[in-house]
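Quick notes on the structure that follows.
The values are calculated or read from the model by the stated rules, or taken from the named source; none is laboratory data. Given the structure is predicted, the values throughout are model-derived calculations rather than measurements. Glycine also receives a Cβ, built like all others from the backbone with ideal geometry; neighbour counts cover every protein chain displayed. Remember, those area values only see protein heavy atoms, side chains included, never the ligands or the DNA or RNA. Shrake-Rupley method; radii C 1.70, N 1.55, O 1.52, S 1.80 Å.
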Amino acid sequence: SECPFCGEAAGRQLEAHVRARHGHLLGAPGTGNGDQLYECPMCSLTCTNIQILEEHVELHLEEHNISEGGNMKDLELAQQLQSEEDKCRRSEEEKREKEEFKKLQRQYGLDNSGGYKQQFLKNMEREVNRGRMQPFEYHKRKADMMECLAFGIDDGKTKTSGIIEALCKYYKNENKDVRHVWLSAGVDHFHSSLGDRGWGCGYRNFQMLLSSLLQNSLYNDCLRDATLIPSIPKIQSMIEDAWREGFDPHGASHFNNSLRGSKAWIGACEIYSLLTSLRIKCQIIDFHKPTGPGGTHPRLLEWVLRYYSADSEGGAKVVCTSKPPIYLQHQGHSRTVIGIEEKKNKTLCLLLFDPGCSSQEMQKLLKQNNDATSLKALRKFAGSLKEKQYQIVAVDGVLSLEEKAARCCASQVLTSEKIP
C-alpha cells in the first residue's frame, strides 16, 4: 500500500510508516492537545486532518475493489473450468452411448454388415483358409446356396425329420416314469447354419412350425403358395410383405421396414404378423413375470398342457395330436415346443426343439436304442425355465378374409394377452 502522505510504498507496514514519518500530522489518543481526532473506520489509524483521512479511506476502498476483482476472476475461472469439464463429460457420454448403440446394432443384426448370403460366403472362406473345407467343396456349396436363394427355398442341409415318430415309439416301449405325453404332429428340426449362426433362431423356429403346418390339410388353402420350406431371406421378404399389408407398423419401424440383406433378430411379434398375413389364426401369450418359486414359470407349463390336452379323449399314455408346435420366445433366444410330458408324480416337462442343436445331436434320437440320456436335449422342467419373461405364439386354426382384415387393423396397436 502507498502512504497517503508521501506516496511511498509501505506495504503491510503502512501504519508504522505513517506514524514514524508523518506523526506530526496525526493525533494520538490521550495526548491532551485538544485537536479533533478522526479515526479510520477500517483500521486503527487516527488522523487530525479530515482530508488526509479521506485519502487514507480511499486507499482502503481501492484495495477492496482490487481484491473483489481478483475474486471475480477466480469465480469466472472456476465457472469456465466447470463448463469445460461438463462439456467433456457430455462428449464422453455421447461417445459411449454411440458405441453402445453400435454394439446393439451389431448384436441384433441392424448394422448393415450384410445378411445370410454374405455371412455364408464369409464363413465358408474362413473354413477354406483353416483347411477345413476344400476349394471345390466351397464352389459347389456356393452354387447350391445361390440356386436355393434364387428360388427362395431352404437347402434342407440342416433339417432332421422323423424325430416325432421316434419319440412315439420311445414313449410307448421304453419309458416307465411318464404317465402321459402329448406330441405335435410331423415337426422337422432345423438348426442354424453358416449363414445364420448367432441370429437365425427365430427364422429356424418358423421353419419348424411351418414344417408341421404343411403336413396338416387344415392349412392347405393358406399355404398353397408355400409348399416348400422357405429360405431365411425368403422369410424376411414374407415378413416385409406382411408389414406392407399393414401388420404391426410399430414393429416394422423398429427395423426401418426392411429385413432382407440383414442379420436382424426376429421375435414373437414378427412371427404373429407373418402367420396372420397367411390367414393362419394364432395368438401371442405373454408370461411377463415368474409365477413360481425361484423365478420359475409353472403357469407356462400349465398353459401348454391345456393347449395339447384340450381335445384329447381317453387315457392313452402317448397322444400324437394334430396340434401345431408352439413358438417360444425369451430374451436372446427362441425355441419350438413340440410336446409336453406329465410324470407319474404330476410333474410337467416341456419337450423343445432348439435351433442351436446340430443335426448330429438330433439324429441320435432316431436310433432304436434311445434312452433317457438321448432326450436330455429336449426336456425342460420348470426349474430350468427361469428367464424373467416368456412369450409364446400358438396356432389354432384358419382365418377368413374378414377376420384377417380385422386382425390387421387391431395390430396397429398390437398387444399380447398377459397371464397374471
(request) Could you look through the range 200-254, keep only residues that are of a type in the set (D, E, K, R) and assigned to a helix (DSSP H, G or I), and pick out the one that is farthest from LEU278 (Cα to Cα)? (result) ARG204
(request) Any chance you could count how many residues in the range 360-413 are basic (Lys, Arg) and more than 23 Å from LYS176 (Cα to Cα)? (result) 4
(request) Collect the residues in the range 122-157 that are assigned to a loop (DSSP other than H, G, I, E, B), open to solvent by less than 90 Å² (accessible area, probe 1.4 Å) and farther than 23 Å from LYS263 by Cα, keeping them in residue-number order. (result) GLY131, MET133
(request) From (1) charged (D, E, K, R); (2) under 23 Å from SER231 (Cβ atoms); (3) touching a Ser or Thr at 6+ places or on another chain (Cβ under 6 Å), pick out the condition that doesn't hold for ARG335. (result) (3)
(message) Can you confirm whether LYS367 is closer than 30 Å to SER193 by Cβ, open to solvent by 40 Å² or more (accessible area, probe 1.4 Å) and touching a Gly at 6+ places or on another chain (Cβ under 6 Å)?
(response) no
(message) Consider the range 307-326. How many of its residues are loosely packed, with under 12 Cβ neighbours inside 10 Å, closer than 22 Å to TYR219 by Cα and of a type outside the set (A, V, I, L, M)?
(response) 1
(request) Say whether the condition of being over 22 Å from the mean Cα position of the chain (by Cα) and touching a residue at least 40 places away in the same chain (Cβ under 8 Å) is met by at least one residue in the range 259-275. (result) yes
(message) Given the criteria surrounded by fewer than 13 Cβ atoms within 10 Å (Cβ to Cβ) and in contact with a Lys or Arg (Cβ under 9 Å, 6 or more places away or on another chain), does GLN412 qualify?
(response) no
(request) Six or more apart or on different chains, Cβ under 6 Å: which pairs go from a residue in the range 351-366 that's over 26 Å from TYR307 (Cα atoms) to one that's in a loop (DSSP other than H, G, I, E, B) and not aliphatic (A, V, I, L, M)? Could you list them? (result) SER358/HIS191; LEU366/GLY162
(request) Scan (1) over 23 Å from SER161 (Cα atoms); (2) open to solvent by less than 60 Å² (accessible area, probe 1.4 Å); (3) among the charged types (D, E, K, R) for the single condition LYS388 breaks and write down its number. (result) (2)
(request) Give the range 165-184 a look and list any residue that's open to solvent by 10 Å² or more (accessible area, probe 1.4 Å) and touching a helix residue (DSSP H, G or I) at 6+ places or on another chain (Cβ under 6 Å), or say none. (result) ALA166, TRP182
(message) For the range 158-196, give me each residue that is of a type outside the set (Lys, Arg), farther than 14 Å from SER358 by Cβ and in a loop (DSSP other than H, G, I, E, B).
(response) SER161, GLY162, GLU174, ASN175, ASP177, SER184, ALA185, GLY186, VAL187, ASP188, GLY195
